[in-house]
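Peer 1: My structure is below; once you've seen it, I'll send some questions.
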Amino acid sequence: MRILIIEDDAEVAGYLLKGLEEQGHVIDHCADGKSGLLLASTEAFDVIVLDRMLPELDGLSVLKSLRAAEVITPILILSALGDVDRRVEGLRAGGDDYLTKPFAFSELLARVEALERRKTSSVEPDRTELQVGDLHLDLLSRTATRGGMKIDLQPREYRLLEYLMRHEGQVVTRTMLLEQVWDYHFDPQTNVIDVHISLLRGKIDRNFDIPLLHTVRGAGYMINVTS
């Protein structure tokens, strides 16, 4: 796996480089946001580990610029800012996961490897679109619309919506989402699912009379049309 680390703290960067290289991964490192953005935009990586507080250009600006340029590489945000609002801000900007400092290397490694695997559900050869009510998901162009209006989705939101729509009318549990959308085979004890569900609900249900994404108390989530 080729990983880009954008981190200005020399001690943290050295710790990550040593640990990830020992796991057999190829590592590139940038110490500021501007050079990190340039490298991430011009080279192919499996995962990007992005510090939030960077010189030259801050991490969120790097993240937003990459997503605006349609770079879909999975990005793990590292930050000492761990409150809920900060995590939501990072995920909303296009981050796939958020890990607060200080962190255990074993957890970072598990999260990086989970992002790299990015399992996708098998697609029937003759099926190019999923539909729930007036919500459409084009599997070829990876775009979503509802009532003819385009919905802008971040890569993780797209995967979450695709999984939910493939299980229309079924209760999807937290464990199912962790394993199939985040590729975690353990519960990282974060609210990352709740945050993404909230963001997704705001995009597909806001301004529409009939909600499609439902919380099933004590069980999980379901997407379907209810009268």
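The values are calculated or read from the model by the stated rules, or taken from the named source; none is laboratory data. This is a predicted model, so every value here is computed, not measured. Here the Cβ positions follow ideal geometry from the backbone for every residue, glycine too, while neighbour counts run over all protein chains shown. Ligands, DNA and RNA are excluded from the accessible area calculation, which covers all protein heavy atoms including side chains. Shrake-Rupley method; radii C 1.70, N 1.55, O 1.52, S 1.80 Å.
Peer 1: Note down all Cβ pairs under 7 Å where the first residue falls in segment 1-19 and is in contact (Cβ under 8 Å) with a residue 40 or more places away in the chain, the second is of a type in the set (Asp, Glu) and part of a helix (DSSP H, G or I), and they're at least six residues apart or on different chains.
Peer 2: Met1/Glu116
Peer 1: Would you confirm, using the coordinates I've provided, whether Asp83 is in contact (Cβ under 8 Å) with a residue 40 or more places away in the chain, of a type outside the set (A, V, I, L, M), over 30 Å from Thr143 (Cα atoms) and out of contact with any helix residue (DSSP H, G or I) (no Cβ under 7 Å at 6 or more places or on another chain)?
Peer 2: Against the criterion (in contact (Cβ under 8 Å) with a residue 40 or more places away in the chain, of a type outside the set (A, V, I, L, M), over 30 Å from Thr143 (Cα atoms) and out of contact with any helix residue (DSSP H, G or I) (no Cβ under 7 Å at 6 or more places or on another chain)), Asp83 does not qualify.
Peer 1: Can you pull out the residues in segment 136-165 that are touching a His at 6+ places or on another chain (Cβ under 8 Å) and either surrounded by fewer than 20 Cβ atoms within 10 Å (Cβ to Cβ) or among the basic types (Lys, Arg) (or both)?
Peer 2: Within segment 136-165, Thr145, Arg146, Arg156 meet the criteria.
Peer 1: Which residue is farthest from Leu91 (Cα to Cα), if the candidates are limited to segment 165-175 and must be out of contact with any helix residue (DSSP H, G or I) (no Cβ under 8 Å at 6 or more places or on another chain) and either outside any loop (DSSP other than H, G, I, E, B) or modelled with pLDDT under 85 (or both)?
Peer 2: Ranking the candidates gives Arg166 first.
Peer 1: Exactly one condition in (1) open to solvent by 50 Å² or more (accessible area, probe 1.4 Å); (2) aliphatic (A, V, I, L, M); (3) in a helix (DSSP H, G or I) is not met by Met53; state its number.
Peer 2: Of everything listed in (1) open to solvent by 50 Å² or more (accessible area, probe 1.4 Å); (2) aliphatic (A, V, I, L, M); (3) in a helix (DSSP H, G or I), Met53 misses just condition (3).
Peer 1: Could I ask something else about it? Please verify whether segment 186-207 includes one or more residues that are modelled with pLDDT under 95, touching a Gly at 6+ places or on another chain (Cβ under 8 Å) and surrounded by fewer than 19 Cβ atoms within 10 Å (Cβ to Cβ).
Peer 2: no
Peer 1: Oh, and also: Can you name the condition, by its number, that Ile5 falls short on among (1) buried (at least 16 other Cβ atoms within 10 Å of the Cβ); (2) over 14 Å from Gly59 (Cα atoms)?
Peer 2: (2)
Peer 1: Any residue at all in segment 65-76 that's touching a strand residue (DSSP E or B) at 6+ places or on another chain (Cβ under 7 Å), under 18 Å from Glu116 (Cα atoms) and open to solvent by 10 Å² or more (accessible area, probe 1.4 Å)?
Peer 2: Yes, there is a match, as at least one residue in segment 65-76 is touching a strand residue (DSSP E or B) at 6+ places or on another chain (Cβ under 7 Å), under 18 Å from Glu116 (Cα atoms) and open to solvent by 10 Å² or more (accessible area, probe 1.4 Å).
Residues are listed down the side, and each one gets a yes or a no for (1) touching a residue at least 60 places away in the same chain (Cβ under 8 Å); (2) of a type in the set (A, V, I, L, M, F, W, C); (3) farther than 24 Å from Tyr158 by Cβ:
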residue: Ile27; (1), (2), (3): no, yes, yes
residue: Ser65; (1), (2), (3): no, no, no
residue: Leu109; (1), (2), (3): yes, yes, yes
residue: Leu115; (1), (2), (3): yes, yes, no
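Peer 1: So, of the residues in segment 89-104 that are of a type outside the set (D, E, K, R) and open to solvent by 40 Å² or more (accessible area, probe 1.4 Å), which turns out to be farthest from Tyr184 (Cα to Cα)?
Peer 2: So the residue we want is Pro102.
Peer 1: Does any residue in segment 129-146 that is at positive phi and part of a loop (DSSP other than H, G, I, E, B) come within less than 8 Å, Cβ to Cβ, of a residue that is at pLDDT below 95 and open to solvent by 50 Å² or more (accessible area, probe 1.4 Å) six or more places away or on a different chain, and which pairs are these?
Peer 2: Within 8 Å, the pairs are Gly133/Ile210; Gly133/Val225.
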